[in-house]
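K.L.:
I have a structure here, written as structure tokens, and I will follow up with some questions on it.
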Amino acid sequence: PRGKTHECGRKLCETCGKKAAFDHKCYVEKPKRTESNKTRWYGDIETTVDENFRHHPNLLVLKRAKTILKGPKDKGEDEVVFRGIDCIKQFFAVARAEKSPFFQSYLIFHNLKGFDGLFFLEEALAQKLDPNFIARGSSVLQIKLGLPCEITFSDSLLFVPNTPLSSFPKIFGFDTHK
């Protein structure tokens, strides 16, 4: 006999972990086992708008996720902030540095596909870094950079769809201040 969770015509997706139709095509890339120990950073970009209504990044904040891994405690920075109209270029300079805090990291942004990802993709192309990316139409779902760091950018909405941004601190274990 089947358990209470059985639903005809649906299966558990091995990639996203959700019950879905048999013809479900999941766009969340399943991480390789060797990538499980990569550091995860959560970030956001703030912008200003010029007279032509074009957005220009002026603040990039990245906060490292708390981990529950056993072993020596990492003494790296928990938050990295880049300020100014060249904040994306500043990030790439640090990301390409020999002892980058972003070495082999996942960088997860809220709404990467609709906004933040375009700034990273534009700068990666300008620096001729040959990014590998997954897109759905004009939405950038994931960007992989083959820098010395091997950085992967992903959209938080792929992991927690239909979740308001205000609930993210609790989901990811961050302290909040009102």
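The values are calculated or read from the model by the stated rules, or taken from the named source; none is laboratory data. Keep in mind it's a predicted model, so treat the numbers as computed, not measured. Don't worry about glycine lacking a Cβ; one is built from the backbone with ideal geometry, like all the others, and counts go over all protein chains shown. Calculation scope for accessible area: heavy atoms of the full protein, side chains included, ligands and nucleic acids excluded. Shrake-Rupley method; radii C 1.70, N 1.55, O 1.52, S 1.80 Å.
K.L.:
In nm, to one decimal, how far is the modelled label at Lys99 from the one at Arg40, with both set 7 Å along Cα→Cβ?
P.N.:
It is 2.8 nm.
K.L.:
Moving to a separate point now. Subtract the Cα-Cα distance of Arg54 and Lys144 from 0.36 nm times their separation in residues, and report this length gain in nm to one decimal.
P.N.:
29.9 nm
K.L.:
Excluding ligands and nucleic acids, what accessible area in Å² is computed for Asp78 using a 1.4 Å probe, to the nearest 10?
P.N.:
Rounded to the nearest 10, the figure is 90 Å².
K.L.:
Continuing with the same structure: Between Phe133 and Phe159, take the C-beta separation as r, use R0 = 25 Å, and let me know the FRET efficiency to the nearest 0.05. Intermediate results must be reported in sequence, preceding the final value.
P.N.:
Working: r = 18 Å, r/R0 = 0.71.
Calculated value: 0.90.
K.L.:
I've got another one for you. Which FRET efficiency, nearest 0.05, do Arg83 and Lys19 yield, Cβ-Cβ r, R0 35 Å? Let's see the in-between values first.
P.N.:
Working: r = 44 Å, r/R0 = 1.25.
The computed FRET efficiency comes out at 0.20.
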